[in-house]
Every structure is written in structure tokens, then in C-alpha cells.
1. Could you work out [θ]222 nm for the chain from helices alone, using -39500 (n - 2.57) per DSSP H run of at least four and dividing by all its residues? Round to the nearest 500 deg cm²/dmol.
2. Once you have the Cα-Cα distance between K210 and K256, take 0.36 nm times their residue separation minus that, and quote the gain in nm to one decimal.
3. Quick one: angle between helix 228-237 and the longest Cα principal axis of the chain, in degrees between 0 and 90, rounded to 10, please.
4. Over the chain, calculate the relative contact order: mean separation of alpha carbon pairs under 8 Å at least 6 apart, over the residue count, as a percent.
5. Please give the FRET efficiency for C319 paired with N105, using the beta carbon to beta carbon distance and R0 = 51 Å, rounded to the nearest 0.05.
6. Relative contact order for the range 167-318: what is it in percent, counting Cα pairs under 8 Å that are at least 6 residues apart?
7. Helix 116-131 against the longest principal axis of the chain: what's the angle in degrees, Cα atoms only, rounded to the nearest 10?
8. Between K303 and Y164, what's the calculated FRET efficiency when r is the beta-carbon distance and R0 is 25 Å? Round to 0.05.
Amino acid sequence: MKKAAIIPVSTIGDALILMIAANQLRNSGYKVTILHDNIYSLKKWFPHFNFKKLSSKNLNSYDHIFLEQDEVKIDKTNELKKLIKTKLSIIYFRYNKSKFPPLSNLDIFLDDDLPIAQSLAKNFKNFLNKYLDKKENILDEAILESSTLHTGIVIPKNLTHKKYPKRVIIQPTSTDVNKCWSKHKFICLANKLKNKGFKCVISVEPKERKNWLFVHDLGLDLPLFRSISDLASYIYESSYLIGNDSLAIHLASLFKIDHIMIAKNKKITKKWQGGWLKTRIISSPSWVVNLKGLRLREKYFQKFISIKKVLKTFFLITCK
């Protein structure tokens, strides 16, 4: 059996999306290893794959390597240089001619008019059909067509989908603070939902928790998630999630949990929305000026997105 390695960028959301490529490779007869420091914590959810901490050692032991490239230029170590012509594919979520070298025949770049997950599924499938040795590609075309968006995830048997029908997760933080809606508005939103009979919980990373302990005094839960696996389990058993652009949005989409993303930039967010269950995106009204040099719609999106608008979208979801 041939071996393939996938190397995502550091963010877990990207690594989760790239499990689509990993599953397509697996269905094509490859033994797949994901080299990543963070998604390693979700390895029990993906028992059909190998997970290892990121290292440049032993890269030559793989028959093919898929390296995700984002906005950072590739650090072409000597070991990677040896692989470029024969077995290295660079996956560009965004390809920019001015920043990156010319595409090789083995590289993969995604469409701008589709969400990342859907574009990856389509273009990776095309790559497999075009470049993999047909003798090695044992996957039936009908199977490939029906499984292109699958990640190979296996839900732990002790979990029950949407076990708590009134539980709403509020995810008020993100890796980029500039993408975050107002802290005050998130708390007001949680209180209003609580008054309507919903069980609202605030979800933040352990390192952020000390800044959110005050929510206990407001009658809101603040669960401690010691790992990404704990967060994934909690989302899977909840029924709704409201938050900024973050890993939690992608997990909710993958688990078919209704969710709302409050977005700074609707155009960019449409590309990065959840690729499985559709993401409800709320952004600033179109009438807000967003001319180059001003960008009022993006700079002040927190002010232009009201609690009332988020509540209206939420109750539309609950009534569907």
C-alpha cells in the first residue's frame, strides 16, 4: 500500500477541512498520515488515519506529500526541495501569482467562487483522477462521487447527536480578535436567549477563561474544554452554535448542528464558511460604505450588526 502525508498550516480549521483530501486518498488505496501539531488531539475521531506531530524528518518515506500553502511563502528546506519534482503537491487555498512561484503540474489550487471545503473536494478529486496511478486508484467512481466531502470521521459511540435540544453554544472569541463581534453584545444575546428558555453556554479556550469567569454571576455556564476533542463532543451533543469565524463553526457544520457566523467580511466568510451544513452568515448591511480606504463596513461591523438581527436569524432556524 502506498503512503501519503498531508501537512496543513497551523490552524485546526484548515486541518479539519483537509481531512476531505485525506479521506479521498484513503478511498483511493493510500495509507494517510496527517503531520500537524494541533489536530493530533482529534485522532480518536479519525481512526482510519495516522496522526503525527509535524516534523521534516523521514519525509522521503512517503510516496506523495500534500503541503498546504496559505499566505505565507514556503520555507523550502533541503528535504522538501528534493521532493518537489516528483512527489510534492502544494495545495493553495488562495493562489496569488505575485506572492507564489509558478504552479507545477502536481499543485492544486481552489476556486474562488466556492466554499473552501467544496472547492477542495472537487479539485482534489480531479487531481486524483488525473495524476494517480490508475492501478493504485482502486476507488470506484460512484463511491468517489458520493463521498467527496466526507472526512472519514467516526463519532464516538458514547455521544448522542443533539442530545440537548435547548443548548446553545456562544463562541465569542477567535484566533483573530479583529474578527470578533462585541463581547457586550454576545453576553446580551446569551441573556436574551436564556430568558426565552434556552440553555446558553459560553465557549472559550482555556487560556481565555479567566477573562470570562464573570459570566457565572450572570447565570451562564462556562465549561472547561481541556482538549479539542472535548469541545467537539460538546458541540456534537448541542443543538445550536453562534459565534465568530472559528474552528467551532467548522465543527458545527461537520456535525450538522445549526449555526450562525457573525462576520466582518461577508465575501471572505462565504469562502471560509462551513462546508457541510450551510452556515448562516450575518454581516453589516450592504448600505454601509465600504469603499477602498474607508472600509467602514469592516472596521465597524460590530456596531452595524445588532442583537435583534442575530436573534431574528436564530429564531428562523429554530422554526424551520
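Just so it is clear, none of the values below were taken in a lab; they were calculated from the coordinates. Bear in mind that the values here come from a model prediction, so they are computed numbers and not experimental data. Every residue, glycine as well, gets a Cβ built from its backbone with ideal geometry; the counts of neighbours run over all protein chains shown.
1. Values: 12 runs with 106 residues, N = 320.
Calculated from helices alone, the mean residue ellipticity at 222 nm is -9500 deg cm²/dmol.
2. Numbers: separation 46, 0.36 × 46 = 16.56 nm, distance 3.05 nm.
Fully extending the segment from K210 to K256 adds 13.5 nm.
3. Result, in degrees: 60.
4. Numbers: 537 pairs, mean separation 47.3, N = 320.
Here the relative contact order equals 15 percent.
5. On the way: r = 51 Å, r/R0 = 0.99.
With R0 = 51 Å, the Cβ-Cβ based efficiency is 0.50.
6. Details: 245 pairs, mean separation 32.2, N = 152.
Answer for the range 167-318 is 21 percent.
7. Once rounded, one gets 10 degrees.
8. Numbers: r = 33 Å, r/R0 = 1.31.
After rounding, the FRET efficiency stands at 0.15.
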